[in-house]
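Remarks on the structure that follows.
Nothing in this text is a laboratory measurement; each read-out follows from the coordinates by a stated rule. If you're wondering where the values come from, they're calculated on a predicted model, not measured in any experiment. Cβ placement follows ideal geometry from the backbone for every residue including glycine, while neighbour counts extend to all protein chains displayed.
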Amino acid sequence: MRSHRAGSRPRVYATLGTIFNKTSGDLFERLLDGLGALDADVVVTIGRGLDPADLGAQPPHVRVVPFVPQSEVLPGVDVVVSHGGSGSLVAALAHGLPSVLLPLGADQPHNAVRAAELGLASSLDAADATPEAIAEQVETVLRDDAMRARCGAVADAVRALPDVTAAVAALEDAVG
């Protein structure tokens, strides 16, 4: 497995967002079983209002918490596993991170298909993804230097965009 930090274990961040996280059936359990089998440090956010204890004991390398700001966790991880919601996917790409997507509904299936077509993520059917398939996809994405490079190019393009001040000035100029 490849890691951004030489000589260290890969780090994985997983989230099912803030809406579908409460209606995801047994996906958290399958996700935790798959991620728990990896030789990686894992942080899983389950959402406010859900209790990590309800998901049972986890291996020492897996930390389950209700919430962590993505701005704090993403700079230190190597791959994101998510539902493919716009916020999670855009945040991962803005940090140059590839994703494994498990879409649950709304815009997520479309986001997952398009991200996979562009080589920025891989996608699994959330309804029947096994723990083994989840672990295999994460390992595959961690080794995929071409995918990581494409995600890095997206992050570079995002950083090159004008900041909010310039955008506001352009809008003010446009409307007079």
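Where Lys and Arg each count +1 and Asp and Glu each count -1, what net charge lies around residue 112 among other residues with Cβ under 15 Å from its Cβ?
Once positives and negatives cancel, what remains is -3.
Can you tell me the dipole magnitude for segment 22-105 around its Cα centre, using point charges on the Cβ only (Lys, Arg +1; Asp, Glu -1), in Debye to the nearest 20?
Computed about the Cα centre, the dipole is about 240 debye.
Name the residues whose placed amide hydrogens come within less than 5 Å of the amide hydrogen of residue 63, ignoring near sequence neighbours (fewer than 5 apart) on the same chain.
42, 43, 44
Karplus couplings for segment 115-120 from phi (6.51 cos²θ - 1.76 cosθ + 1.60, θ = phi - 60°), rounded to Hz, Gly and Pro as x?
4, 5, 4, 7, x, 9
Just for the Cα atoms in the chain, what are the lengths along the principal axes, largest first, rounded to whole Å?
Over the chain, Cα extents along the principal axes are 59, 37, 28 Å.
Please give the calculated 222 nm ellipticity per residue for the chain, where each DSSP H segment of at least 4 residues contributes -39500 (n - 2.57) and the sum is spread over every residue; nearest 500 deg cm²/dmol?
-12500 deg cm²/dmol
Return the sequence-ordered ³J(HN,Hα) values of segment 168-176 in whole Hz as given by the Karplus equation 6.51 cos²θ - 1.76 cosθ + 1.60 applied to θ = phi - 60°, using x for Gly and Pro.
Per-residue couplings from phi come out as 4, 4, 5, 5, 4, 5, 5, 8, x Hz.
Measure nothing but the geometry: give the 0 to 90° angle between the long axis through the Cα atoms of 131-143 and the longest principal axis through the Cα atoms of the chain, rounded to 10°.
With rounding to tens, the tilt is 50 degrees.
Run the dipole for segment 11-175 about the Cα centre, Lys and Arg Cβ at +1, Asp and Glu Cβ at -1, nothing else charged, and hand back the magnitude in debye, nearest 20.
Rounded to the nearest 20 debye, it is 200 debye.
How much FRET efficiency would the formula 1/(1 + (r/R0)^6) give for residue 128 and residue 106, where r is the Cβ-Cβ distance and R0 is 22 Å, rounded to 0.05?
With a Förster radius of 22 Å, E is 0.70.
Using the Cα centre as the reference, give the magnitude of the dipole from point charges on the C-beta atoms of segment 86-176 (Lys, Arg: +1; Asp, Glu: -1; all else neutral), rounded to the nearest 20 debye.
I would put it at about 160 debye.
Tell me the relative contact order for the chain as a rounded percent, counting alpha carbon contacts under 8 Å between residues six or more apart.
Computed over the chain, the figure is 23 percent.
Give me the distance in nm between label points sitting 7 Å out from Cα along the Cα-to-Cβ direction at residue 170 and residue 29, one decimal.
4.9 nm
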